[in-house]
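Below: the structure, in structure tokens.
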Amino acid sequence: MLDARRLSLLRDVSRTGSIAGAAQLAGCTASAASQQLSALEQELGIALLERSARSVRLTEAGRVLVEHAHRVLAELAGAEEAVQAVSGLRGGRMRVAAFSSAATTLVISALVAFRQRHGEVYLSFTEAEPEDAIPAVAAGDLDLAVTHQYGHLPGPDLRGLRQTLLHRDRLLLAVPPRLHRAGQTTAKLRDYADTTWLSTLPSEGFQAVTELLCRAEGFEPDIAFRSDHYELLLLSVAADFGVALVPGLAAAPRKGVTYLEVSEPSGLARDIHITTRTADSSPAVQALSGLLTNRGSGSRRR
């Protein structure tokens, strides 16, 4: 691999017509510049300069190398400028993913703030559940994902990844008027063992929270309705099709739906995280993480 500093010296010999002139541009002595140029010739195994007592000129090989050196050094300068732009958040890209309810409540507002502050960074966003987003971050296909993990369930593979807690989102049981007793504010899942359930689409893996939690309470839920849109699930609850476990972030007030705290099993919640690669120290990742953390703190205070 050719040394860029030596290529720069050869280019400057061509520009100034002397080793002394090239040395002055490089900020070194003529003797040091001559040694570097000789080392370049030895590395290539061919003479690049015709030296005499009073002058120096490029050989044909030297002329050809200088033509390439102009392009190589320009590319290196461009690369350095691009890297500096990324470090100063004046360029580069940021690929983000989040699951739906976090996207609407936390992520989009953070992306808007990021774009306002760092408009030269190219932003892209994909809605994705954790089972897809986490492997994509690990593989380098995403830079940052907002993911969730239910505390009572097995966790994903986080090797090479770093997670920062944004918000602890409690799970509520959404029930229709027919199944809500006057004054009732809490519920035990097993009390609804004979009730029709509504749930999200995955029926297996760490996203199958309804099935896994009900089984842990000793019964198999009868899931008759499935959707990944909580809006549709809550419309179905209001229409008296059954009950559904709903994260607090998705529990918008709705006529015909009552939200009950789950008393058994206790502590039902999902932890919402910023998921990034451990080795990624990108300024863009750090900046967006900070904006998300601020919004997550606001959610925790509400």
Cβ-Cβ distance below 6 Å, separation of 6 or more or different chains: which pairs start in segment 13-31 with a residue that is under 18 Å from T59 (Cβ atoms) and end on one that is polar (S, T, N, Q) and surrounded by fewer than 16 Cβ atoms within 10 Å (Cβ to Cβ)? A22/T16
Within segment 213-269, take every residue that is of a type in the set (K, R) and touching a helix residue (DSSP H, G or I) at 6+ places or on another chain (Cβ under 8 Å) and give me the one that is surrounded by the most Cβ atoms within 10 Å (Cβ to Cβ). R254
Could you list all residues from segment 162-184 that are within 16 Å of A252 (Cβ to Cβ) and in contact with a Lys or Arg (Cβ under 8 Å, 6 or more places away or on another chain)? D169, L171
Residues L161, L111, L153: which one is under 28 Å from A244 (Cβ atoms) and either among the hydrophobic types (A, V, I, L, M, F, W, C) or in the same structural domain as L212 (by TED's automatic domain parsing) (or both)? L153
Boolean, P154 is of a type outside the set (G, A, S) and either surrounded by 16 or more Cβ atoms within 10 Å (Cβ to Cβ) or without any contact (Cβ under 8 Å) to a residue 24 or more places away in the chain (or both): no
Residue check, L40 surrounded by 13 or more Cβ atoms within 10 Å (Cβ to Cβ), part of a helix (DSSP H, G or I) and either modelled with pLDDT of 90 or more or under 44 Å from the mean Cα position of the chain (by Cα) (or both): yes
Checking Q184 against (1) modelled with pLDDT under 95; (2) of a type in the set (S, T, N, Q); (3) surrounded by 13 or more Cβ atoms within 10 Å (Cβ to Cβ); (4) more than 23 Å from V137 (Cα to Cα), only one condition comes out false. Which one? (3)
Hey, among V246, V237, V209, V262, which residue is in contact with a Pro (Cβ under 7 Å, 6 or more places away or on another chain) and either of a type in the set (D, E, K, R) or at negative phi (or both)? V237
With L123, L89, L73 as the choices, which residue is more than 23 Å from T275 (Cβ to Cβ), at pLDDT below 95 and aliphatic (A, V, I, L, M)? L73
Can you find a residue in segment 55-69 that is among the aliphatic types (A, V, I, L, M), touching a strand residue (DSSP E or B) at 6+ places or on another chain (Cβ under 6 Å), closer than 30 Å to S8 by Cα and modelled with pLDDT under 95? yes
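Please pick out the residue among T210, T258, T200 that is at pLDDT below 95, of a type in the set (V, I, T) and more than 29 Å from T293 (Cβ to Cβ). Don't jump to the end; show me each part of the working.
Details: T258 fails: at pLDDT below 95; T200 fails: more than 29 Å from T293 (Cβ to Cβ).
Checking each option against the conditions leaves just T210.
The values are calculated or read from the model by the stated rules, or taken from the named source; none is laboratory data. Bear in mind that the values here come from a model prediction, so they are computed numbers and not experimental data. As a convention, Cβ positions derive from the backbone with ideal geometry for all residues, glycine included, and neighbour counts pool all protein chains shown.
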